[in-house]
Amino acid sequence: MNYQAIRAAVENPLLSAFGALVPAVPVFFDNITAVPANTTTEYVRVNITFGLTTEPTLTTSLDSVRGALVIRVFSEKGRGPARNQTLIDTATTVIQNLSTTPKGITGVFLRTGAINGPTFSSTEEAPHFVGRIDSSYVATVLP
Amino acid sequence: MDRPLGQLNRDVRRQIQSAARHAAAEIMNDLAKAGPVWSGEFSNSWVANAPGVGEGRQGSYPYTIRDTPRLPDTIKAVARNPKLVIVNTTDYAMQAMDLEEGYFINPGTEPLGPVVLEGKRYGRMRADIGPSEEDPTSRATAPQDWFVNYVNGGGMQKSLENGIKIGFAREN
C-alpha cells in the first residue's frame with residue numbers, strides 16, 4: 001500500500017489552494033511541529049489518519065484504505081468568525097473537488113464522505129479562534 | 001416448535017434491540033481501547049443513554065450489555081425508533097477526543113496506557129507534542145485524532161458489525 005501517494009493526493013491540493021491565497025496561508029501537516037504557537041498568525045493544520053487498510057469487498061481489489069481527514073484553521077481571536085470561515089470554505093472546496101477527480105489508470109482514486117462541521121472553538125488561554133472540519137475518505141491506489 | 005405470529009414478531013424485535021445493545025457495548029469498549037488512558041478515568045466514563053427511555057449505568061471498561069439501557073420491545077415503542085447515544089461523561093471529553101484545544105498539565109502520575117507521543121508541548125491540542133533535545137516534558141497515550149479516525153476510518157463500522165453478530169447469536 002502506497003500510503004505516501006494517498007497522503008500526497010490529499011495534501012497537495014490543500015497546499016496549492018492555501019498557497020494561492022493572498023497573502024498565502026501556511027499549512028502544516030502531520031509530524032511537523034513548526035506551528036507558530038502563541039501568536040496571532042493564522043495558519044492551517046491538516047491531519048490525515050489511516051483506519052482500515054484492507055477489508056473484504058465485493059471487488060477483487062484489497063488495495064484500498066479508509067481513513068479520516070481533519071482540517072483545523074487557526075485565525076486571530078476576537079475578530080469575528082468571517083476570516084476563519086473564508087479559510088474553511090477554501091478547505092471545503094478542495095475536499096469536494098477531491099471527490100470529483102476522475103478515476104485514471106494509475107495514481108490514487110480517492111472519494112471523500114460527508115464533511116462534518118465547521119465547528120468553532122476558542123479557549124481562554126489559546127491565542128486563536130479555531131475552525132474545524134473533518135471528513136472520511138476511501139482511497140484506492142491504482143497499479 | 002410452532003409459535004404464534006405475534007410472539008415471533010416480538011422475538012425479532014427483541015433480537016434487534018439486543019443487537020443494538022451489544023453493538024453499543026462493543027463501540028464503548030473500542031472507544032476505551034482507542035482513546036487516551038492516563039488514570040483510566042476517561043476510558044471508564046463511556047455511557048450509553050437511550051433518550052426518552054432511560055440512561056445507561058456508569059460502567060467501566062470492559063463494558064458489557066449490562067452497561068446499556070434495556071430498550072422496550074413493544075410495537076409502539078419500536079415505532080418511535082429508540083436510539084442509543086454514547087457519551088463520555090468527563091469534563092474534558094472534547095479535549096481528550098481532540099475536538100477542542102485545552103490546557104494540559106502533568107498529573108504527576110505514570111500513565112496506565114502505553115505512551116505513543118513523548119517530547120515537548122508546542123500547541124494546545126492534546127497531541128501537540130513534538131520532539132525535544134531536552135528531557136521530554138509531555139506525553140500522550142493516544143494518537144492524534146484517534147476519535148475521528150475511529151468514527152470515519154471504519155473502526156466504528158466494524159464494532160457495529162461485531163456487536164450485531166454477537167447480539168443475534170446470543171438471542172438465537
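The values are calculated or read from the model by the stated rules, or taken from the named source; none is laboratory data. Computed from a predicted model, the values in this text were never measured in an experiment. Because the Cβ atoms are built from the backbone with ideal geometry, glycine has one as well, and the counts that use them run over all protein chains shown. Quick note on the areas: whole protein, heavy atoms, side chains included, nothing else; ligands and nucleic acids left out. Shrake-Rupley method; radii C 1.70, N 1.55, O 1.52, S 1.80 Å.
Points to keep in mind about this one:
- In the context of the full set of protein chains, residues of chain B present 56 Å² of accessible surface per residue (probe radius 1.4 Å, heavy atoms only).
- Across chain B, Cα pairs under 8 Å and at least six residues apart give a relative contact order of 29 percent.
- Buried surface between chains A and B: roughly 2000 Å² of accessible area, summed over both sides, computed with a 1.4 Å probe on protein heavy atoms only.
- For the stretch B:43-60, 3J(HN,Hα) per residue [Karplus equation, 6.51 cos²θ - 1.76 cosθ + 1.60, θ = phi - 60°, Hz, x = Gly/Pro]: 5, 9, 10, 7, 9, 9, 10, 10, x, x, 10, x, 9, x, 7, 6, x, 8
- Look at the stretch B:148-160: the mean tally of other chain Cβ atoms within 10 Å of its residues' Cβ atoms is 6.
- Heavy-atom accessible area ranking, 1.4 Å probe, most first, across B:Arg121, B:Arg66: B:Arg66, B:Arg121
- Pairs of Cα atoms in the stretch B:1-94 fall into 5 Å distance bins, from 0 up to the last occupied one, in shares of 2, 14, 23, 19, 14, 10, 8, 5, 2, 1, 1 percent.
- Each principal axis of the Cα cloud of the stretch A:49-143 was evaluated for its coordinate range; sorted largest first, these ranges are 53, 23, 18 Å.
- Most mobile listed residue (A:Ile115, A:Ile32, A:Ile133) in chain A, GNM with C-alpha springs under 10 Å: A:Ile32
- Cα extents of chain B along the three principal axes, largest first (Å): 74, 27, 25
- Candidates per GluC sites (Glu not before Pro) in the stretch A:59-143, loop by DSSP, up to 10 other Cβ within 10 Å: A:Glu124, A:Glu125
- The stretch B:93-137, relative contact order in percent, only Cα pairs under 8 angstrom and at least six apart counted: 36
- Put simply, the amide H of A:Lys77, placed in the peptide plane, has neighbours under 5 Å in A:Phe129, leaving out anything fewer than 5 places away on its chain.
- Accessible-area composition of chain B, carbon plus sulfur, in percent [1.4 Å probe]: 53
- Computed from the Kirkwood radius of its Cα pairs, the Stokes-Einstein diffusion coefficient for the protein assembly as shown at 25 °C and 0.890 mPa s stands at 113 µm²/s.
- Å² per residue, accessible surface of chain A at 1.4 Å: 49
- Between B:Ser39, B:Ser60, B:Ser132, the GNM of chain B built on Cα springs shorter than 10 angstrom shows B:Ser132 fluctuating the most.
- Ligands, DNA and RNA left out, the 1.4 Å accessible surface of the stretch A:61-143 is 55% carbon and sulfur atoms.
- Phi angles across the stretch A:66-79 convert, under the Karplus curve 6.51 cos²θ - 1.76 cosθ + 1.60 with θ = phi - 60°, into 3J(HN,Hα) values of 10, x, 10, 10, 10, 10, 10, 10, 9, 10, 5, 7, x, 10 Hz, Gly and Pro given as x.
- Shape summary: the stretch B:100-168 maps onto an equivalent ellipsoid whose semi-axes, from the alpha-carbon gyration tensor, are 32, 13, 10 Å in decreasing order.
- Between the stretch A:79-109 and the stretch B:26-49, the Cα center-to-center distance that results, in Å: 33
- By the helix-only formula, in which each DSSP H run with n ≥ 4 contributes -39500 (n - 2.57) and the sum is divided by residues, chain B has a 222 nm mean residue ellipticity of -11500 deg cm²/dmol.
- DSSP finds beta bridges in the protein assembly as shown, and of those with both partners inside it, around 95 percent are antiparallel.
- Accessible surface of B:Lys33 - all protein chains present, 1.4 Å probe, nearest 10 Å²: 130
- Applying a threshold of 22 Å to the alpha-carbon distances of B:Lys83/B:Lys158; A:Lys103/B:Lys158; B:Lys33/B:Lys120 flags A:Lys103/B:Lys158; B:Lys33/B:Lys120 as lying beyond it.
- Global size of the stretch B:42-123 as Cα Rg and Dmax, reported in angstrom: 17.6, 57
- Placing +1 on the Cβ of every Lys and Arg and -1 on the Cβ of every Asp and Glu, with nothing else charged, gives the stretch B:75-122 a dipole about its Cα centre of roughly 460 debye.
- When only Cα pairs below 8 angstrom with a gap of at least 6 residues are kept, chain A shows a relative contact order of 26 percent.
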